[in-house]
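Shown next, in structure tokens, is the structure this report addresses.
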Amino acid sequence: MPARFSILYIAEADPEAAVLSSGVPAYLARSMPNARFTVVGSPQTAPLFADMPRLDRLLVLETEGRLDWIGLWNQVRDVKWNLIVDMRGTAISTRLRRDKRAVRGKAKPGRHAVEQAADVLTLDEVPAPHLFVSDATRAAADAVVKPDDRPILAVGPGTDWIGKCWPAERYSKIAAALLGPDGPLAGGRLLIVGDEVDRELVHTIRLSVARARVIEAQGRLTPLQTAAALSHASLYIGADSIWTQLAVAAGVPSIGVYGPSDETVVGPWGGVSVRGPRTLAEFRELDPRLNQAIQHMMDLPAERVLKAARKILAQPPATP
């Protein structure tokens, strides 16, 4: 193996997909101490890899127009890459000089996205999602969280579509039960993560415990800083969204609430997926393209998620 092993990693344009695949570059960074990385991502995904060890360049593909690809080609064509890992299956990776190219193929129905990412390198073990966090990123997160010895329940209620949004009052009911005087996280704090646009959504949730025990991080942290903030949580509960995948990448015990989503593909890796009585196929019968302004998640009761949360919190902590 050469003293310097050059790796070009082309990440997905979608941030949730990029986090799901993040175990692959993390595996390469850990297993190959001589590897140097150049990472290509979209404006949303490139910052997720900003703290990778031995990162030489972080290239942002603003759009996927012809001129953008030409600009990228001009930045990477002069290198003879030892390995190109192409999570987008692009044409550019076929034309670059390299020793080996690993490319993501067509999605396999029913196979988890984390497993499909590992398939790209034909790994025997499936590396869990992981995002590297620098001291500066952690410090920015800690300035918001102000970690202390109290436990933290994290919730991520925001989604990119109303159909995947679970009612806020149900998150509130769970938070009150877990953080209340008789709860397994009694006296703890509530961390709410998400985008700035999620602030109105969480009004009911923030009222579930005393104001002084609520940490509102929506819109205050970047996704990578959010991962650092989530690492302090004892438990995370959230919808089918990037926030749930960030919690997984931070190593937090996670519960995902699902309805019109395929939890077998995007459920929290190593965590728990909870869904209501209807299958994904039944949702598709009502909403074939899964894009209508319908609140599909109304039939998932809070009690089912609360039961899963209590079960996780009753388990002894994992040994390192």
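So the values come out like this:
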quantity: Residue identified as in contact (Cβ under 8 Å) with a residue 40 or more places away in the chain and either surrounded by 12 or more Cβ atoms within 10 Å (Cβ to Cβ) or not in a helix (DSSP H, G or I) (or both) among Leu8, Leu72, Leu59; calculated: Leu8
quantity: Selection from the range 132-173 of residues that are in a helix (DSSP H, G or I), open to solvent by less than 40 Å² (accessible area, probe 1.4 Å) and of a type outside the set (S, T, N, Q); calculated: Ala140, Ala141, Val144, Val145, Gly163, Lys164, Ala168, Tyr171
quantity: Matching residues in the range 218-233 - criterion: being part of a loop (DSSP other than H, G, I, E, B) and closer than 20 Å to Ser22 by Cβ; calculated: Leu221, Thr222, Ser231, His232, Ala233
quantity: Residues located in the range 263-282, provided they are touching a helix residue (DSSP H, G or I) at 6+ places or on another chain (Cβ under 8 Å) and free of Cβ contacts under 8 Å to residues at least 60 places away in the same chain; calculated: Pro268, Gly271, Val272, Ser273, Val274, Arg275, Gly276, Pro277, Arg278
quantity: Criterion (over 30 Å from Val85 (Cα atoms) and open to solvent by 70 Å² or more (accessible area, probe 1.4 Å)) met by exactly one of Arg199, Arg206, Arg211; calculated: Arg211
quantity: One residue from Leu83, Leu121 being within 30 Å of Glu263 (Cα to Cα), open to solvent by less than 80 Å² (accessible area, probe 1.4 Å) and not small (Gly, Ala, Ser); calculated: Leu121
quantity: Per-region count, the range 11-56, residues touching a strand residue (DSSP E or B) at 6+ places or on another chain (Cβ under 6 Å), open to solvent by 20 Å² or more (accessible area, probe 1.4 Å) and not in a loop (DSSP other than H, G, I, E, B); calculated: 3
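The values are calculated or read from the model by the stated rules, or taken from the named source; none is laboratory data. From a predicted model like this one, the values you see are computed outputs, not experimental measurements. Cβ: placed from backbone, ideal geometry, glycine included. Neighbour counts: every protein chain shown. With ligands, DNA and RNA removed, areas are computed over all heavy atoms of the protein, side chains included. Shrake-Rupley method; radii C 1.70, N 1.55, O 1.52, S 1.80 Å.
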